[in-house]
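Notes follow the structure.
Here, each number is a calculation from the coordinates, and none is a lab measurement. Since this is a predicted model, take the numbers as computed values, not measurements. Because the Cβ atoms are built from the backbone with ideal geometry, glycine has one as well, and the counts that use them run over all protein chains shown.
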């Protein structure tokens with residue numbers, strides 16, 4: 001047995017050739033906290049991938065700062081690098097291997113698997129190499145956003161509609177349900193059968209390992225991992241990997257986009273991404289600016305989010321939708337990083353702690369939330385039923401101060417307040433239970449046409465569930481399926497819906 | 001360290017250029033006191049090395065480091081030295097991690113690695129020893 005192994009090894013070694021020549025080399029002269037300074041390598045390019053030979057291991061690093069006589073590099077690994085270690089150029093920029101095989105996997109920003117399912121790519125399916133830092137699509141390569149991306153959350157799909165190719169920011173304090181909204185968007189993609197399927201990429205930046213594990217389990221149990229990829233750079237990862245994670249997720253999304261498919265990428269969250277970048281910049285002695293962030297902190301996020309687009313038909317018609325998440329401190333949306341990202345994105349979903357503690361979940365402040373794409377990315381059915389919703393809620397917010405004096409108000413004002421309370425109750429939804437488009441259209445239609453007006457507020461949610469169940473069992477083919485497939489509420493379907501609601505009210 | 005060794009070396013050589021040679025010993029003494037005052041006395045070896053490198057470079061020479069896996073015989077070292085010119089600063093060190101062979105580093109920029117360590121690293125990182133896919 002050992003003789004056979006030796007013979008096999010001998011055969012393999014016999015074909016080995018090695019040509020030695022003078023090569024560029026650098027020497028590590030300073031290291032610590034995930035960065036290093038390298039002398040030599042005067043021909044190294046910015047963002048070039050370097051290899052540090054440390055204790056027999058090859059440690060990847062990125063050329064970050066090109067200074068007069070040294071290079072500041074960020075080390076892309078937790079491996080300890082020592083002073084005196086040799087550094088070699090690769091002549092390549094940092095890239096990740098992408099392909100269909102990534103679907104259902106949990107990976108690092110460098111493409112290494114973190115789950116227990118073995119290696120991702122093999123000799124038979126080597127995948128493609130995508131550079132992490134790629135230029136955004138040109139203006140001429142894009143077309144307007146028209147196809148909706150349904151999150152399954154009534155408040156969003158009706159009043160803050162998101163389109164495929166849009167960048168919609170989710171912003172709020174800690175523990176207000178930002179990640180829950182993003183996960184509902186992922187879970188709802190399997191409900192949204194009337195449109196092409198969406199590949200989802202969840203990028204965890206600086207998150208707790210327990211939270212990432214919980215998210216993986218949740219997606220697994222809902223069978224959502226069959227169309228989802230998770231890129232994880234947890235809080236225990238080096239700052240360099242936390243810095244690269246969003247770009248890796250974006251590169252994966254671009255792979256699907258350039259194939260003519262739709263992809264959704266969630267960056268959770270860019271606040272931690274900015275902190276990681278600040279750490280690297282300060283360690284490399286880049287001049288600190290406002291709040292100690294480096295001067296190019298805007299560019300850090302702008303170049304990332306600009307890569308989300310709806311491509312023209314000439315370029316395949318694919319799309320990459322981005323849902324960046326930003327965590328605010330004490331609801332301060334006028335802070336540095338939040339204002340930066342708000343100015344980059346095509347709208348924001350603003351979550352408030354006060355609403356959350358009042359029991360309004362999702363805690364979306366509809367007044368401050370906006371989608372700059374708007375109804376262009378809404379189905380005709382939803383546009384039809386939800387057109388009055390924003391106005392009714394705006395009127396309710398103005399009149400809310402008078403709620404405590406309801407007995408002293410005229411009938412019309414009381415009706416507006418009552419309508420606002422009802423709509424607020426309708427818009428509440430459980431976490432992890434997104435509702436498909438056709439159900440939301442039915443619910444909104446019923447609510448705005450007075451089907452729940454006579455019910456006490458505490459009975460509204462059970463009534464909504466009953467109505468949906470009734471329509472699902474008795475009117476799946478004549479009401480729900482037409483809405484699902486066409487996205488429209490035609491006159492015949494509307495008439496059938498009106499009749500069905502009336503029948504339900506009689507028996508409920 | 002307050003300044004990197006290269007900065008100290010550059011400053012010293014620039015100062016030496018600006019004064020007559022009679023004043024060089026006094027200038028060097030003041031330089032030593034400066035290093036001590038700045039708290040970099042423990043790094044003096046690195047500073048001296050940087051000064052030597054920059055002086056060599058000024059004279060048109062190269063800083064060459066020859067690493068051998070085992071202590072080399074004197075005649076071997078002498079034959080290696082003959083490869084270089086007079087202004088070149090040549091240092092020979094023993095580095096057992098090379099396993100066998102020799103490695104030349106010129107000006108900390110270029111390297112000619114003829115060691116067995118390099119061959120082994122290349123061998124094990126090549127497709128010859130890749131694990132078959134499952």
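Side notes on the structure shown:
- Degrees between helix A:270-283 axis and first principal axis of chain A (Cα, 0 to 90, nearest 10): 30 degrees
- Take the Cβ atoms of residue A:45 and residue A:415, set R0 to 60 Å, and the FRET efficiency comes out at 0.30.
- Whether the stretch A:224-375 is rounded, prolate or oblate, judged on the alpha carbon gyration tensor where a/c under 1.5 counts as rounded: oblate
- For the stretch A:1-96, the square roots a ≥ b ≥ c of the C-alpha gyration tensor eigenvalues yield an a/c of 1.5 or more together with a/b exceeding b/c, which makes the shape prolate.
- For the listed peptides A:451-460, A:379-388, a ranking on the average number of other beta carbons within 10 Å per residue, highest first, reads A:379-388, A:451-460.
- Compared with the dominant principal axis of the Cα atoms in chain A, helix A:491-507 is inclined by about 70°.
- Structure-based [θ]222 nm, chain A - -39500 (n - 2.57) summed over DSSP H runs of at least 4, per residue, nearest 500: -11000 deg cm²/dmol
- Rounded to 10°, Cα long-axis angle of helix B:44-58 versus longest principal axis of chain B: 90 degrees
- Spacing of the two label points (7 Å from each Cα toward its C-beta) at residue B:81 and residue A:492, in nm: 10.2 nm
- Estimated D of the stretch A:76-116 in µm² per second, where Rh is the Kirkwood radius over Cα pairs and Stokes-Einstein applies at 10 °C, 1.306 mPa s: 122 µm²/s
- Distance between the C-alpha centres of the stretch A:17-74 and the stretch A:141-193: 42 Å, rounded to the whole angstrom.
- Extension reserve of the residue A:457-residue A:93 stretch, reckoned as 0.36 nm per residue once the Cα distance is removed: 125.2 nm
- Taking other C-beta atoms within 10 Å as the exposure proxy, A:168, A:306, A:48 rank A:306, A:48, A:168 from fewest upward.
- Which of A:69, A:54, A:158 has the fewest Cβ neighbours within 10 Å, and the rest in rising order: A:69, A:54, A:158
- Three-way shape call for the stretch A:197-290 based on the alpha-carbon gyration tensor, with the a/c threshold at 1.5: oblate
- Rounded FRET efficiency, nearest 0.05, which uses the C-beta distance separating residue B:112 from residue B:32 and R0 of 41 Å: 0.65
- Segments A:391-400, B:73-82 sorted - mean Cβ within 10 Å per residue, highest first: A:391-400, B:73-82
- Alpha carbon centroid spacing (whole Å) that separates the stretch A:379-400 from the stretch A:411-433: 11 Å
- Counting, for every residue in B:102-111, the Cβ atoms of other protein chains within 10 Å of its Cβ and taking the mean gives 5.
- Listed peptides A:97-105, A:177-185 appear in the order A:177-185, A:97-105 once ranked by packing, highest mean of other Cβ atoms within 10 Å at the front.
- Averaged over the residues of A:117-125, the number of partner chain Cβ atoms lying within 10 Å of the residue Cβ comes to 2.
- FRET efficiency, 1/(1 + (r/R0)^6) with R0 35 Å, evaluated for residue A:388 and residue A:508 via beta carbons: 0.90
- Label-point separation in nm, residue B:23 to residue A:10, each point 7 Å along Cα→Cβ: 7.4 nm
- Exposure proxy for A:234, A:490: other Cβ atoms within 10 Å of each Cβ, ordered fewest to most, give A:490, A:234.
- Counting Cβ atoms of other protein chains within 10 Å of each Cβ in A:8-18 and taking the mean gives 2.
- Working from Cα pairs under 8 Å separated by at least six residues, relative contact order for the stretch A:89-141 is 42 percent.
- Theoretical gain in end-to-end length, residue A:175 to residue A:18 [0.36 nm per residue, Cα-Cα removed]: 50.8 nm
- Label point at residue A:79 placed 7 Å out along Cα→Cβ; residues across the stretch A:112-131 whose backbone nitrogen lies under 18 Å: A:112-114
- Within chain A, antiparallel bridges make up roughly 60 percent of the DSSP beta bridges whose residues both belong there.
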